[in-house]
Amino acid sequence: MTHHRPDTLEHAPLGRESAYPEHYDAGLLYPIARVANRAPLGIEEGSLPFVGEDEWHAFEVSWLNGRGKPIVAVARFRLPADSPNLIESKSWKLYLNGFNQTRFDNRERVIDTLVADLSAAAGAPVSVELFGVDDDALAVQRLPGECLDELDIEIADYTPSAEHLQVAEEVVEETLYSHLLKSNCPVTGQPDWGSVLIRYRGPKLDREGLLRYLIGYRQHQDFHEHCVEHIFTDLMARARPERLLVLARYVRRGGLDISPWRATPGERPPEPLRLARQ
């Protein structure tokens, strides 16, 4: 398998040696325009076929209080899917590391700083929540619905093909999920492991075909957010459901996990939802 560095990442810190930041620096954040990755899916700027968010958890957040004592927390960030930019994950990690030796008078000042910097990079308002490491809101849960992973199927290819998506005439409302999602970083080729949930109302999906399709991302190189958009657009084109939600919960890497979701208007993901691998 080969990969190339997309033009949108020419100046990104991803895949390069970077010094550990000693001080807070909002300039470390590296925004990437979403439009370039959406164009191949037929998604035009300004006319998104979905609503959604990119939900991030940062498990390595720390700063100093006014007296120099370290404070630790887990952060949850939500970027709207209609923001012009996503934010490259390594730059986000380096940015957060800059907080480690930075003094803040209080927790609210930390949140205000994060909101201002991340919103500026994304080009749209980003919400920020901080949790104590023992907060019940971080409790591990399980995906709702029926798991596809025990289906005894033969796999012949590992690239996503919408041809696997077949439907019956029967109209159903169901929630299906799989833990077999894997895609690869578009720059380094490193594996990104995840779980994917599909909730829909419409012509009944062939489950074996759906699982083959999802496993097809195993050698696919793209960002988490765009994999979810790829799945959403393929399902809408092939199955034409009345309602659809596609949610991926990717395993954390470097202290960050990413959980994008895309849906038809009016649909929302189950909340709160954090899986054991995150």
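Using a Cα distance threshold of under 28 Å, what count of lysine pairs results for the chain when pairs must be 8 or more residues apart or interchain?
Qualifying lysine pairs in the chain: 5.
Tally up the carbon and sulfur contribution to the accessible surface of region 146-263 as a whole percent, 1.4 Å probe, everything protein left in place.
44 percent
Once Rh is set to the Kirkwood radius over Cα pairs, what Stokes-Einstein translational diffusion coefficient, in µm²/s, holds for region 55-106 at a temperature of 20 °C and a viscosity of 1.002 mPa s?
So the translational diffusion coefficient is about 175 µm²/s.
Using only the heavy atoms of the protein chains and a 1.4 Å probe, how would Tyr158, Tyr30, Tyr177 rank by accessible area, largest first?
I get Tyr158, Tyr30, Tyr177, largest accessible area first.
Just to check, using Stokes-Einstein with a Kirkwood Rh over alpha carbon pairs, what's the diffusion coefficient of the chain at 20 °C and 1.002 mPa s in µm²/s?
Here the translational diffusion coefficient equals 109 µm²/s.
Using the alpha-carbon centroid of each, what span in Å lies between region 34-54 and region 231-278?
Here the two parts' Cα centres lie 15 Å apart.
Could you work out the local net charge near Val251, counting Lys and Arg as +1, Asp and Glu as -1, over the other residues with Cβ closer than 10 Å to its Cβ?
Values: positive: Lys182, Arg249, Arg252, Arg253, Arg277; negative: Asp192, Asp257.
Overall, the nearby charge balance is +3.
Evaluate E = 1/(1 + (r/R0)^6) for Asp134 and Arg67, where r is the Cβ-Cβ distance and R0 equals 35 Å; express this FRET efficiency to the nearest 0.05.
Once rounded, the FRET efficiency stands at 0.95.
Residue-wise, which Karplus ³J(HN,Hα) couplings in Hz belong to region 245-251, taking 6.51 cos²θ - 1.76 cosθ + 1.60, θ = phi - 60°, and x for glycine or proline?
In residue order, the calculated couplings are 10, 10, 10, 10, 10, 8, 5 Hz.
Between beta-carbons, use under 12 Å as the cut-off and find the net charge around His179, counting Lys and Arg +1, Asp and Glu -1. Intermediate results must be reported in sequence, preceding the final value.
Numbers: positive: Arg142, Lys182, Arg249, Arg277; negative: Asp149, Glu150.
Surrounding charge for His179 is +2.
With a 1.4 Å probe and all protein chains kept in place, how much accessible area does Tyr250 have, in Å² rounded to the nearest 10?
0 Å²
What whole-number value in Å² describes the accessible area per residue of the chain for a 1.4 Å probe? Intermediate results must be reported in sequence, preceding the final value.
Numbers: 13220 Å² over 278 residues.
On a per-residue basis, the chain sits at 48 Å².
When the helix-only estimate is applied to the chain (DSSP H runs of n ≥ 4, each -39,500 (n - 2.57), divided by the residue count), what is the mean residue ellipticity at 222 nm, nearest 500 deg cm²/dmol? Present the calculation step by step, with values, prior to reporting the outcome.
Working: 5 runs with 54 residues, N = 278.
Roughly -6000 deg cm²/dmol at 222 nm, from the helical runs in the chain.
Quick one: putting +1 on the C-beta of Lys and Arg, -1 on the C-beta of Asp and Glu, what dipole do you get for the chain around its Cα centre, in Debye to the nearest 20?
620 debye
Could you work out what % of the accessible surface of region 7-138 is carbon and sulfur, using a 1.4 angstrom probe and leaving DNA, RNA and ligands out of the count?
So the carbon and sulfur contribution to the accessible surface is 49 percent.
The values are calculated or read from the model by the stated rules, or taken from the named source; none is laboratory data. In this text, all values refer to a predicted model and were calculated from it rather than measured experimentally. When we count neighbours, we look across all protein chains shown, and the Cβ atoms used for this are built from the backbone with ideal geometry, even at glycine. For the accessible areas, the whole protein counts, side chains as well, though only heavy atoms, and no ligand, DNA or RNA atoms are used. Shrake-Rupley method; radii C 1.70, N 1.55, O 1.52, S 1.80 Å.
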